[in-house]
Amino acid sequence: MKSKTSQSQIENPMRKIFIEKVVLSAGATGDNLTKAGKLLEYLTSKKAQIIESRKRVPDFGVSPGMKVGTRVTLRKKEDLEILKRLLGAVENKLSKKQVAPNHLSFGIKEYIEIPGAEYQREIGIRGLNVTVVFARAGLRVKRKKIKKGDIPKRQHISKQEIIDYMEKNYKTQFT
């Protein structure tokens, strides 16, 4: 018979947090859109996907179907190594305001701030946004097509859990 202390010391594998994906995005239109796509391809060596507007925003001159940006989604373990370089661009310092339940986001003003990235003449000086999405095992229950179910609130990742994960694994400081 096992004692209660040994069971409480073993962490439940369904509670383990992991990075589901890292999304790099850059907003632009026209000629700047191709430059933004080249920037994301330069940083990740993956093909950039074009983002089209879904809504009409007359103040910005945006109509449905208009190309307004590019993005690249990184999911594999090898691809996630770029996150360390991207955090180096902001000196591993983030604000607690940049953390939300299940994800964190930060911006990089100029891509040449990223360690190892060199200036590219055809790209110019551009910035990008980085979103890191966190998940726990069992999230597929919510996303699957057949026998879809709801996941309880305790399965979501809180802001504090994300902060603890980033401090432990990426040595990130939060202000």
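What the table shows:
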read-out	value
Residues located in region 156-166, provided they are in a helix (DSSP H, G or I) and surrounded by 14 or more Cβ atoms within 10 Å (Cβ to Cβ)	Lys159, Glu161, Ile162, Ile163, Tyr165, Met166
Any pair with Cβ under 6 angstrom, 6 or more apart, that starts in region 117-133 at a residue that is closer than 15 Å to Gly27 by Cβ and ends at one that is polar (S, T, N, Q)	Asn129/Ser25; Thr131/Ser105
Filter result for the condition that a residue is touching an Asp or Glu at 6+ places or on another chain (Cβ under 7 Å) and within 15 Å of Tyr42 (Cβ to Cβ), over Gly116, Gly127	Gly127
Helices (runs of 4 or more DSSP H) contained entirely in region 1-109, each with at least 1 residues that are at pLDDT below 95 and within 15 Å of the chain's Cα centre (by Cα)	31-44, 82-89
Members of region 66-96 found to be touching a helix residue (DSSP H, G or I) at 6+ places or on another chain (Cβ under 8 Å), more than 17 Å from Lys38 (Cβ to Cβ), in contact (Cβ under 8 Å) with a residue 60 or more places away in the chain and not polar (S, T, N, Q), listed by number	Leu83, Lys84, Leu87, Leu94, Lys96
Failed item in (1) surrounded by fewer than 18 Cβ atoms within 10 Å (Cβ to Cβ); (2) under 26 Å from Met14 (Cβ atoms); (3) not β-branched (Val, Ile, Thr), with Asn92 passing the rest	(2)
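Table: residues versus (1) assigned to a loop (DSSP other than H, G, I, E, B); (2) surrounded by 14 or more Cβ atoms within 10 Å (Cβ to Cβ).
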{"position": "Ile112", "(1), (2)": "no, yes"}
{"position": "Ala117", "(1), (2)": "yes, yes"}
{"position": "Ile125", "(1), (2)": "yes, no"}
{"position": "Lys145", "(1), (2)": "yes, no"}
{"position": "Lys148", "(1), (2)": "yes, no"}
{"position": "Ile151", "(1), (2)": "yes, yes"}
{"position": "Asn169", "(1), (2)": "no, no"}
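The values are calculated or read from the model by the stated rules, or taken from the named source; none is laboratory data. No experiment lies behind these values; they were computed from the predicted model shown. For neighbour counting, all protein chains shown are included, and Cβ atoms are generated from backbone atoms with ideal geometry for every residue, glycine included.
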